[in-house]
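One structure is given here, and the rest of the page talks about it.
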Amino acid sequence: MNVAFFHDSIFIKKENTYYTSGTLNDELFQFYLEFFKEITVVTRYVPFDPSKKKYINSTNKISLDQVNFHLVPSYQKARKIVKEEMKKYDVAIIRCHSFIGTIAAYYAKKYKKKYIAESVSCAFDCLWYHSTLGKVIAPFLYLFTKQAIKNATAVTYVSSKFL
């Protein structure tokens, strides 16, 4: 069974090595590799530049050979890439809330694919207090995330009550 992991997290690509700018590290992927032979991560990236130097370390390095990347260069191209990637995989892991994750949940349902939703935060809270644009987007992403979780085959949560 092959699996793809969908999220908006930004990875830094330095030469042919990827570094996480967040929590999507070897430890997380190792958990899923207990169940799947290989994982393709569909996510955003930025090329390395000196301002990203703080992320270039052994803790943030993705060193697992079983983790591959399909990089999304921009949100404008995300829909097409996610649609094509969803067709290739038996199972999807979607980290909510994210725009790429929302698109992936839509296509997973459309193509009748099983998916696991990771609910790691409240979309409304994260965006509402972020910026003016966040206040515009927050209610929509909250509803899209709620729908993605509702249709998921399985869900993991970071809290036992709120999410």
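Where in the chain are the DSSP H helices whose C-alpha atoms run 27 Å or more along the long axis and whose mean Kyte hydropathy is at least 0.0? Walk me through the intermediate numbers first.
Details: long enough: 132-151 (30 Å, 0.52).
Those that pass (Cα extent of 27 Å or more, hydropathy at least 0.0) are 132-151.
Distance from the alpha carbon centroid of segment 88-151 to that of segment 1-69 works out to 20 angstrom.
Might you tell me the accessible area per residue for the chain, computed with a 1.4 Å probe and given in Å²? Walk me through the numbers before you get to the answer.
Details: 9590 Å² over 163 residues.
Per residue, the chain has an accessible area of 59 Å².
If I stretch the segment between Met1 and Thr153 completely, what's the gain in nm (0.36 nm per residue apart, minus their alpha carbon distance), one decimal?
Details: separation 152, 0.36 × 152 = 54.72 nm, distance 1.54 nm.
53.2 nm is the gain from fully extending Met1 to Thr153.
Extending 7 Å from the Cα toward the beta-carbon at both Asn68 and Tyr111 defines two label points whose distance is 1.4 nm.
Please list, by residue number, every one of the trypsin sites (Lys or Arg not before Pro) in segment 105-156 that is coil in DSSP and has at most 15 other beta-carbon atoms within 10 Å. Spell out each step's value before the answer.
On the way: sites: Lys109, Lys110, Lys112, Lys113, Lys114, Lys135, Lys146, Lys150; in loops: Lys112, Lys113.
Loop-located and lightly packed - Lys112.
To put it simply, the accessible area of the chain at a 1.4 Å probe is 55 percent carbon and sulfur. For Lys37, a cut-off of 24 angstrom between C-alpha atoms picks up these lysines, skipping any fewer than 8 places away in its own chain: Lys13, Lys61, Lys83, Lys87, Lys88, Lys109, Lys112, Lys113, Lys114.
Tell me what the chain gives for mean residue ellipticity at 222 nm when only DSSP H runs of n ≥ 4 count, each as -39,500 (n - 2.57), the sum divided by the residue total, rounded to 500 deg cm²/dmol.
Details: 5 runs with 60 residues, N = 163.
Roughly -11500 deg cm²/dmol at 222 nm, from the helical runs in the chain.
Net charge within 13 Å of Tyr32 by Cβ-Cβ distance, Lys/Arg positive one each and Asp/Glu negative one each, not counting Tyr32 itself? Could the numbers behind the result be given before it?
Working: positive: Lys37, Arg95; negative: Asp26, Glu27, Glu34, Glu38, Glu118.
Every neighbour counted, the sum reads -3.
For a test of the definition: using alpha carbon positions, the gyration tensor, and the 1.5 limit on a/c, classify segment 1-153 as rounded, prolate or oblate. It comes out oblate by the Cα gyration axes.
The values are calculated or read from the model by the stated rules, or taken from the named source; none is laboratory data. Since this is a predicted model, take the numbers as computed values, not measurements. Methodologically, a virtual Cβ is constructed for each residue, glycine included, from the backbone with ideal geometry; neighbour enumeration extends over all protein chains shown. Areas reflect the complete protein model, heavy atoms only, side chains present, ligands, DNA and RNA absent. Shrake-Rupley method; radii C 1.70, N 1.55, O 1.52, S 1.80 Å.
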